[in-house]
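What follows is a set of notes on a single structure, which appears directly below.
No value in this document is a laboratory result; all are computed from the given coordinates. Bear in mind the structure is a predicted one, so any value in this text is a computation, not a measurement. No Cβ is skipped: glycine too gets one built from the backbone with ideal geometry, and neighbour counts run over all protein chains shown.
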Amino acid sequence: MKTVNPDLIRLNTASVPFLSLFILALLAVPVKQTYAKWEQVPGILSRIRVPQFADRDFRITDYGAIDDGRTDCTEAFQKAIAAAHEAGGGRVVVPVASFLTGPIHLKSNVNLYISKGATVRFAVDPDKYMPVVFTRFEGVECLNFSPLIYAYGQDNIAVTGEGVLDGQAGETNWWRWKKTQGEDVKILNRQGQAGVPVEQRIFGAGHELRPNMIQPYKCKNVLIEGVTIRNSPMWHIHPVLSINITVRNVTVIGHGPNNDGCNPESCRDVLIQGCHFDTGDDCIAIKSGRNNDGRRVNVPSENIIIQDCIMKDGHGGVVIGSEMSGGVKHVYAENCTMDSPNLDRALRIKTNSVRGGTVENVFLRNVTIGQVSETVLKINFFYGEGDTGNHTPMVRNIVMENVTSQKSRHALSIRGYDRSPIQGIHLKNCIFDNVKESNILVGVKGLVMDNVRINGEHVKLEK
């Protein structure tokens with residue numbers, strides 16, 4: 001920070017009031033930049049409170065649901081949710097059996113409870129997910145097929161229980177669209193770049209943009225707990241522009257294309273705790289909108305706490321990006337286990353100069369890694385479009401402490417821009433064994449390794 005020349009202060013002491021002198025004196029003192037720390041976590045957790053619900057049950061079988069796993073129960077779900085909402089709230093109970101349904105739209109003060117031994121199977125006919133709803137597809141707002149479980153602008157909602165939510169996606173239905181969706185994705189991205197009004201970005205029937213499994217959009221006080229979620233058309237859990245979210249003791253299993261586990265996007269105060277992820281894409285991916293559309297909305301993801309999770313297969317354990325044009329800050333991940341030859345990276349940050357965005361204050365501690373196939377820490381400014389845009393990203397203050405890995409290709413792979421180096425990476429008390437290749441360090445400033453061992457050798461580096 002540039003300081004004030006003391007001679008300029010002395011020139012005016014005879015005529016400047018005391019208060020002005022005091023302010024000038026403060027300006028003359030260099031200010032040390034401060035960063036978020038782990039000490040902020042208790043304050044964040046104190047704000048994340050699970051919603052409470054009235055002690056009333058509404059069984060879907062009382063509203064016409066048939067438990068044969070073949071009869072469409074969409075209307076029964078709608079009626080039970082409406083009754084609970086109108087009564088002031090309560091649990092909509094799915095009893096022990098198998099039920100087939102189309103989209104489920106939650107309302108305020110309703111807890112969708114999936115009993116242990118119950119399975120909710122979602123229809124794979126895209127027409128069931130019409131009419132279109134307000135949503136995001138890969139970080140760009142649009143009107144598209146309804147997510148399988150959806151809520152818009154609702155307060156105090158939950159999906160709980162120990163039952164199963166099965167999206168039934170596979171290569172014969174939703175997943176095959178990955179191969180044919182290209183033109184629709186291009187059209188939507190062009191609309192986002194051009195600032196076409198969202199109400200004119202209409203997809204759904206006749207198009208091939210896959211919906212997500214669970215999406216609370218612009219909601220407050222959200223709980224997703226206990227359930228097993230599998231085989232989503234696309235991302236499994238995707239809260240957007242929502243506040244106060246708890247995802248706890250959830251199991252996510254899905255190996256289809258873009259089958260991310262939990263992707264909070266432009267959300268604040270989020271706890272992801274005790275979850276098990278076994279996915280075809282990122283286990284947890286924190287996002288905030290893509291390109292001009294993300295900058296138009298301009299809401300970061302912030303105050304994200306990840307605790308006691310298990311990550312198996314996936315492209316990354318804890319990931320930030322690539323749709324992160326609105327920025328991401330204050331991410332805390334601790335006491336997690338990551339281990340699979342099919343898990344590519346532990347901590348990954350991905351962006352480029354088309355997507356831009358600022359990522360700051362990311363903390364990882366007490367993480368045990370059996371193996372990852374590529375890299376423990378990967379930060380890449382050349383993801384996707386590479387350095388072809390006018391929105392230079394910034395990444396700073398990334399701290400890893402007490403992280404151990406038994407096998408990887410690299411310990412670190414960090415590629416920033418010379419004009420925007422990745423700053424303030426601090427590794428402390430970390431052990432990386434069976435590392436095959438050297439670190440990749442390009443466009444890095446302020447890298448500190450404190451008590452770090454790679455393949456048994458102490459590495460003390462300041463770059």
Only Lys, Arg (+1) and Asp, Glu (-1) charged, at Cβ; region 242-333 dipole about Cα centre in debye:
300 debye
Mean separation of Cα contacts under 8 Å (6+ apart) over length of the chain, as relative contact order %
8 percent
For the chain, size of Cβ-based charge dipole, Lys and Arg +1, Asp and Glu -1, in debye:
1200 debye
When only Cα pairs under 8 Å and 6 or more residues apart are kept, what is the percent relative contact order across region 265-463?
15 percent
Please give the helix 74-86 orientation as an angle from the longest Cα principal axis of the chain, in degrees from 0 to 90, rounded to the nearest 10.
70 degrees
Measure nothing fancy, just the Cα-based angle from helix 182-194's long axis to the longest principal axis of the chain, in degrees from 0 to 90, nearest 10.
50 degrees
Which of I44, I187, I157 has the fewest Cβ neighbours within 10 Å, and the rest in rising order:
I187, I44, I157
Residues with beta-carbon under 11 Å from that of G294, excluding G294: net charge, scoring Lys, Arg +1 and Asp, Glu -1?
+1
To the nearest Å, what is the center-to-center distance of region 173-210 and region 362-436, using C-alpha atoms only?
32 Å
Along region 420-434, Karplus-curve 3J(HN,Hα) (6.51, -1.76, 1.60; θ = phi - 60°) to the nearest Hz, with x for Gly and Pro, reads 9, x, 6, 10, x, 8, 10, 10, 9, 6, 10, 10, 10, 10, 6
S115/N366 FRET efficiency (R0 30 Å; Cβ-Cβ; nearest 0.05):
0.30
Would you mind ranking W235, W38, W174 so that the residue whose beta carbon has the fewest other beta carbons within 10 Å leads the list?
W38, W174, W235
With a ≥ b ≥ c taken as the square roots of the eigenvalues of the C-alpha gyration tensor of the chain, please select rounded if a/c is under 1.5 and otherwise prolate if a/b is larger than b/c or oblate if it is not?
prolate
Helix 18-27 vs. the chain, principal-axis angle (Cα, 0 to 90°, nearest 10)
80 degrees
Global form of region 54-259, assessed from the alpha-carbon gyration tensor, a/c cut-off 1.5
prolate
Long-range amide H contacts for V395: which residues qualify at under 5 Å (H placed 1.01 Å from N, peptide plane, sequence gap of 5 or more or a different chain)?
V359, Q423
Going by C-beta contacts inside 10 Å, put L45, L241 in order with the fewest on the left.
L45, L241
Apply the a/c threshold of 1.5 to the C-alpha gyration tensor of region 227-379 and tell me whether it is rounded, prolate or oblate.
rounded
All aspartates and glutamates inside 16 Å of K436 as judged from Cα atoms, apart from same-chain residues fewer than 8 positions distant:
D344, E374, E457
Report, in listed order, any pair from K107/K378; K179/K378; K107/K287; K220/K287; K350/K460; K128/K186 with a Cα-Cα distance greater than 29 Å.
K107/K378
